[in-house]
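Visitor: Below is one structure. I have some questions about it.
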Amino acid sequence: MSSINVSADQLEELATQLLIESGCEKKESQIISQILVWCDQIGRHNQGVWRLPLLTRRLNEDLIKSPCNPHFTQSSQSVSILNADQGSGHFIGHLAMQKAVDLAKDTSVGIVGVKNSNFFGAGSYYVNQACQAGMIGLGMSN
């Protein structure tokens, strides 16, 4: 058996195209693909592009809504709830951490709870997202 090497950018592009062809909106597809490839790059292959067949099947079966219409409800200056509208957990997790970072920049603490979502993959991606913004992050799922 022979193998081929592809760059992370090429893999991300392929994953994005496969998600779009399965009915996922472009922006959502790009973020999901970024997360899947990131997981492969850090050695978490079980959370990487290996998941594409499952994700595309769930999109085709309308178990993941795309495009979704997520919306935030502010509970306090530092706390927000994100209703995910049954969107991709990867996309929603990314939005939630982005919001938590924004809240923390204003108030020193940012907490975002998520409801009506799907599987979000490796929590380490979202923790890294916070770290890249100069924050301490915690990502959890039930």
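Read the figures in this text as sums done on the coordinates, not as results from a lab. Keep in mind that this is a model prediction, so the values were computed, not measured. So basically every Cβ, Gly included, is an ideal-geometry build from the backbone, and we count neighbours across all protein chains shown.
Visitor: Can you pull out every residue in the stretch 66-81 that is buried (at least 17 other Cβ atoms within 10 Å of the Cβ) and either touching a residue at least 40 places away in the same chain (Cβ under 8 Å) or in contact with a Pro (Cβ under 6 Å, 6 or more places away or on another chain) (or both)?
Guide: Correct list: Ser66, Cys68.
Visitor: Find the helices (runs of 4 or more DSSP H) located wholly in the stretch 19-121 whose residues include 2 or more that are of a type in the set (S, T, N, Q) and more than 30 Å from Asn5 (Cα to Cα), and list them.
Guide: In the stretch 19-121, 89-107 are the helices (runs of 4 or more DSSP H) which contain 2 or more residues that are of a type in the set (S, T, N, Q) and more than 30 Å from Asn5 (Cα to Cα).
Visitor: Same structure again: Inside the stretch 11-43, can you point out the residues that are within 23 Å of Ser124 (Cβ to Cβ) and polar (S, T, N, Q)?
Guide: Thr16, Ser29, Gln30, Ser33, Gln34, Gln41
Visitor: Checking the condition aliphatic (A, V, I, L, M), surrounded by fewer than 17 Cβ atoms within 10 Å (Cβ to Cβ) and out of contact with any His (no Cβ under 8 Å at 6 or more places or on another chain), which residue from Leu54, Leu103, Leu95, Leu59 passes?
Guide: That would be Leu54, the only listed residue that is aliphatic (A, V, I, L, M), surrounded by fewer than 17 Cβ atoms within 10 Å (Cβ to Cβ) and out of contact with any His (no Cβ under 8 Å at 6 or more places or on another chain).
Visitor: Identify, by number, the condition in (1) β-branched (Val, Ile, Thr); (2) surrounded by fewer than 16 Cβ atoms within 10 Å (Cβ to Cβ); (3) in contact with a Pro (Cβ under 7 Å, 6 or more places away or on another chain) that Ile42 doesn't meet.
Guide: (3)
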